[in-house]
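This report concerns only the one structure given below.
Each value in this text was obtained by applying a stated rule to the coordinates, not by laboratory testing. On a predicted model such as this, the values are computed, not experimentally measured, just so you know. Positions of Cβ are generated from backbone atoms using ideal geometry, with glycine treated the same way; all protein chains shown enter the neighbour counts.
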């Protein structure tokens, strides 16, 4: 179940991000359902410090499951890669979008259906495991094209997919992620390649990966989670998928989502918690509270400014009460709650100003406003 809302302001329910978490998330939740690309690793390399943090998470008693929209590799390959990076995992800990797609196709078309697999090895392997027959060409008369991410996907595979779909095969996509994170910045993801097939055939695909709740639900079933927490870097898959699955969410900024995109999020894309990376599982999360005409989180206050803008101010509290250490995002938390409270039902770009050098430096670090 999702965290309860932080409260109300003027009769309006506040975004759940306002509530924070007075205890570390490892105590508030029993299982973390982690996305991989942009959360545990970027490209072939681990996000710095995350393998060590996840060891601490397990030491604190929280279990881990891995839920990835990347369809290229088999669960065995994913588990082996995680273990190499210092995050112990078995194939049973991993749910891939290829597995979700294969299950959906088997349910729709029945065991023995003929599948043209487009993507990395994980697509064909999952299809065979689900009792489907994998074929190589459009002339083999496939019942469906299952398209997932693969680094070697090129014109020839896309052409076979186009011909098969045009001849009547059902087009099924493991996910619609337009980009994937990389050390060089965002690169084309499966959604970009799926768009090629759809544009040529004029037929929209059936998309089976996140945010469809089936993947998170399967991971909950496997782990027996009672209070799951979805950890991801994408608003439209991880965070929306968490909401649709009835789970709380932690957005990490180690992947594709930046501060401007987060502020402009529509309600179903707004996370319950925010952290620089997955080490945020080990920490408490400060609340965002009303402060006169504005909102405060830690030593940061957001107030209304001219022309519907928001003004960020660094204003240390005059209190002896111990407070959580600022992870560098308290000001952004306050901005999110202030902006989302103004736009409870839709998404909108935020106009942000900084008052004083600390605020301007923070805005510049987040790529916002007049920093």
Counting DSSP beta bridges with both partners in the chain, what percentage is antiparallel, nearest 5? 35 percent
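Taking every DSSP beta bridge that has both residues in region 97-207, what percent is antiparallel when rounded to the nearest 5?
Of those bridges, close to 15 percent are antiparallel.
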Given that compact globular proteins tend to follow 2.2 N^0.38 Å, what is the ratio of the alpha-carbon Rg of region 289-366 to that value? 1.07
Grab the Cα-Cα distance for residue 268 and residue 355, subtract it from 0.36 nm times how many residues apart they are, and report the gain in nm with one decimal. 28.2 nm
How large is Rg over Rh for region 1-138, taking Rg from the Cα atoms and Rh as the Kirkwood inverse mean of 1/r across Cα pairs? 1.10
Just how many % of Cα pairs in region 97-207 lie over 18 Å apart, if you round to the nearest whole percent? 42 percent
Name the residue, out of 88, 27, 306, whose mean-square fluctuation peaks in a Gaussian network model built on the chain with Cα pairs under 10 Å. 306
Could you check the simple spin-label distance between residue 309 and residue 109, using points 7 Å along Cα→Cβ, in nm with one decimal? 5.6 nm
Can you tell me the mean projection area, over all orientations, of the convex hull of the chain's alpha carbons? Units nm², please. 19.2 nm²
DSSP-defined antiparallel bridges as percent of all bridges, region 289-366, nearest 5: 75 percent
